[in-house]
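The values are calculated or read from the model by the stated rules, or taken from the named source; none is laboratory data. Note that the coordinates shown come from a computational prediction; the quantities given were computed from them, not determined experimentally. As a convention, Cβ positions derive from the backbone with ideal geometry for all residues, glycine included, and neighbour counts pool all protein chains shown.
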Amino acid sequence: MKILVINGPNLNFLGIREPEIYGNKTYADLCEFIENACAELCVECEIYQSNHEGAIVDKIQEAYGVFDGIVINPAAYTHTSVAILDAVKAVGIPTVEVHISNVDEREAFRHHSYIAAAAKARFIGLGFEGYRKAVEFLKNELK
Ligand code: CA2
């Protein structure tokens, strides 16, 4: 089973600023966490990060016929991007949404998620652990 993990804009800056919201760990730590979680769950994974909406759309399209599931934290594009929602719908790959922080308890503009309309599940406010739960969910879902 192959899972594509997509992280959106500014997540590559984790650990550098706003530790009270996102913690002290860096993006490299997040990648290591995801790789270890996938190895424990015997799931093959590729991790991709981009600050560009179109690049994320391209990556989702390229996943068609290659990956069995997608874990996505679209970051700020969660709250703005119909294009990313449409890409996930277009490829029809089971997709799970993850957010490190609890977006529902933050500013009102973070309360709406476009991707939620296509997500099989959402793990929000669980820190890095949300990624493990998302992979676990997909593993059970794809059995
Ligand atoms: O909580 C999450 O995972 C978010 O997807 C993170 C996004 C934010 O726009 C979403 O509303 C919730 C932000 C990505 C990281 O932003 C940073 C900002 C400052 C320092 C480090 C990272």
Write out, first by first residue and then by second, each pair whose Cβ atoms fall under 6 Å of each other, whose residues are 6+ apart or on separate chains, and whose first residue, in segment 1-23, is farther than 14 Å from residue 73 by Cα while the second is of a type in the set (S, T, N, Q).
15/24; 15/26; 21/101
Can you give me the number of residues within segment 1-47 that are more than 8 Å from the ligand (Cβ to nearest atom), of a type in the set (Gly, Ala, Ser) and within 18 Å of residue 97 (Cβ to Cβ)?
1
Which numbered condition residue 115 fails, given (1) within 13 Å of the ligand (Cβ to nearest atom); (2) at positive phi
(2)
Filtering segment 82-109 for residues that are within 12 Å of the ligand (Cβ to nearest atom), over 14 Å from the mean Cα position of the chain (by Cα) and of a type in the set (Gly, Ala, Ser) leaves a count of 1
Restricting attention to segment 14-32, which residues are surrounded by fewer than 14 Cβ atoms within 10 Å (Cβ to Cβ) and modelled with pLDDT under 95?
16, 17, 18, 19, 20, 21, 24
Say we look at segment 71-82 and pick out the residues that are in contact with a helix residue (DSSP H, G or I) (Cβ under 7 Å, 6 or more places away or on another chain) and β-branched (Val, Ile, Thr); which of these is farthest from residue 22 (Cα to Cα)?
71
Among the numbered conditions (1) more than 19 Å from residue 49 (Cα to Cα); (2) polar (S, T, N, Q); (3) surrounded by 14 or more Cβ atoms within 10 Å (Cβ to Cβ), tell me where residue 102 comes up short.
(3)
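Could you grab me the full set of residues in segment 78-134 that are among the hydroxyl-bearing types (Ser, Thr, Tyr) and either farther than 23 Å from residue 33 by Cα or assigned to a loop (DSSP other than H, G, I, E, B) (or both)?
We begin by selecting, within segment 78-134, every residue among the hydroxyl-bearing types (Ser, Thr, Tyr); these are 78, 80-81, 95, 101, 113-114, 131.
Scanning segment 78-134 gives 80, 81, 101, 113, 114.
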So residue 39 passes all but one of these: (1) assigned to a helix (DSSP H, G or I); (2) among the small types (Gly, Ala, Ser); (3) on the phi > 0 side of the Ramachandran plot. Which condition number does it fail?
(3)
Residues satisfying the stated conditions in segment 1-13, i.e. assigned to a helix (DSSP H, G or I) and surrounded by 14 or more Cβ atoms within 10 Å (Cβ to Cβ):
11, 12
